[in-house]
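Okay, so here's the structure we're looking at.
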Amino acid sequence: TIKGVLFDLDGVITDTSVYHEQAWHELADQLQIDWQPAFAEQLKGVSREASLAVLLNATGHPNDYSAEQKAQFATEKNDRYLALLQQLSPAAIAPGMTAFLTALKAQNYRIGLASASKNAPFVLERLGLSDYFQARVDPATLRKGKPDPEIFSRCVALLGLQPAECLGIEDAQAGIQAINASGAVSVGIGAKDVLAAAQIRFETTAELTLANIRQQLK
Ligand code: B16
Ligand code: MG
């Protein structure tokens, strides 16, 4: 039986993935890197440093950049992202999400956060959702990012549960892979072609209810 739910943040609880994409796109323009439509999915769920590596690899000469330059680019991207986050308020909570979290809490499910974002505490604060989460993995302490299962395995342990007792909810390919590898049950939010590996899938968070999950689990 399911006793806990592990949440991704960007693209699941709120649509900040569009802000991440915009900030990376602006950095790519600044560095004269042609923006490829495939970047949008490739950057989801992936750490800031690994995301930068995806962009620089597209230049064909990623080794031309020094460690200092890379750190500077990552800082510039984050500054742009933080500026975009100024618009964030509880109005930006994904459809149905507050009702889902409230239902989980009322039925004593344990709730954990498995976001790769170092900005996650700030985002949850801006949305007014911090109090729902009993456990949060600090992404700065991870040895490997998604698609490695580490972030979900750690979240399961922090909740004091076994992987098979948990649902993991994700919008990213790398995230679904990570959940599957952790042994938790993967719930994808988004398009079928992107999230084919998800065990359960909903087009949007509006369909994310305990009843709908139970029905698909059968
Ligand atoms: P930051 P998630 C991920 O969050 C985003 O999907 C990904 O696009 C971003 O690069 C990563 O966080 C790191 O974010 O630069 O704020 O530390 O989807 O795992 O909640
Ligand atoms: Mg995400």
Worksheet item: Any idea which of 153, 182 is touching a helix residue (DSSP H, G or I) at 6+ places or on another chain (Cβ under 8 Å), within 16 Å of ligand 2 (Cβ to nearest atom), free of Cβ contacts under 8 Å to residues at least 40 places away in the same chain and not aliphatic (A, V, I, L, M)?
Response: 182
Fill in: Set 81, 65: member being more than 29 Å from residue 204 (Cβ to Cβ) and among the aromatic types (Phe, Trp, Tyr)
65
Practice prompt. Kindly indicate the residue of the stretch 1-48 that is hydroxyl-bearing (Ser, Thr, Tyr) and either near ligand 1 (Cβ under 10 Å from one of its atoms) or in contact with a strand residue (DSSP E or B) (Cβ under 9 Å, 6 or more places away or on another chain) (or both) and also farthest from residue 169 (Cα to Cα) among those meeting that condition.
Written response: 19
Worksheet item: How many residues does the stretch 1-48 contain that are farther than 19 Å from residue 180 by Cβ, touching a residue at least 24 places away in the same chain (Cβ under 8 Å) and β-branched (Val, Ile, Thr)?
Response: 5
Worksheet entry | Those residues of the stretch 78-125 which are within 13 Å of ligand 1 (Cβ to nearest atom), of a type in the set (D, E, K, R) and under 23 Å from residue 141 (Cβ atoms), in sequence order | 118
Worksheet, complete the sentence: Within the stretch 98-121, the count of residues that are within 15 Å of residue 10 (Cβ to Cβ) and loosely packed, with under 14 Cβ neighbours inside 10 Å comes to 1
Worksheet item: Failed condition for residue 131, given (1) out of contact with any strand residue (DSSP E or B) (no Cβ under 6 Å at 6 or more places or on another chain); (2) in a helix (DSSP H, G or I); (3) within 16 Å of ligand 2 (Cβ to nearest atom), with all others met?
Response: (3)
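Return yes when residue 78 is closer than 21 Å to residue 14 by Cβ and polar (S, T, N, Q) and no when it is not.
Considered against the rule, which asks whether it is closer than 21 Å to residue 14 by Cβ and polar (S, T, N, Q), residue 78 comes out as yes.
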Fill in: Residues that are under 23 Å from residue 151 (Cα atoms), touching a residue at least 12 places away in the same chain (Cβ under 8 Å) and in a loop (DSSP other than H, G, I, E, B), drawn from the stretch 56-113
94, 109
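Those residues that are outside any helix (DSSP H, G or I), among the aliphatic types (A, V, I, L, M) and in contact with a helix residue (DSSP H, G or I) (Cβ under 9 Å, 6 or more places away or on another chain), I need them from the stretch 34-55; list them, please.
43, 46
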Item to complete: Of all residues in the stretch 167-194, count the ones that are more than 16 Å from ligand 1 (Cβ to nearest atom) and closer than 19 Å to residue 138 by Cβ.
Response: 0
Worksheet, complete the sentence: Within the stretch 28-73, the residues that are within 18 Å of the chain's Cα centre (by Cα), more than 16 Å from ligand 2 (Cβ to nearest atom) and surrounded by 16 or more Cβ atoms within 10 Å (Cβ to Cβ) are 52
Discussion item. Just to check your reading of the model, which residue among 186, 153, 182 is at pLDDT 95 or above and touching a Pro at 6+ places or on another chain (Cβ under 6 Å)?
Written reply: 182
Item to complete: With the condition kept exactly as written, say whether any residue in the stretch 194-206 is basic (Lys, Arg) and surrounded by fewer than 18 Cβ atoms within 10 Å (Cβ to Cβ).
Response: no
Worksheet item: Considering only helices (runs of 4 or more DSSP H) fully contained in the stretch 141-218, which possess at least 1 residues that are among the charged types (D, E, K, R) and more than 24 Å from residue 50 (Cβ to Cβ)?
Response: 210-217
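The values are calculated or read from the model by the stated rules, or taken from the named source; none is laboratory data. Quantities reported herein were computed from a predicted structural model and do not represent experimental measurements. Cβ sites come from the backbone with ideal geometry, for glycine too, and all protein chains shown count toward neighbours.
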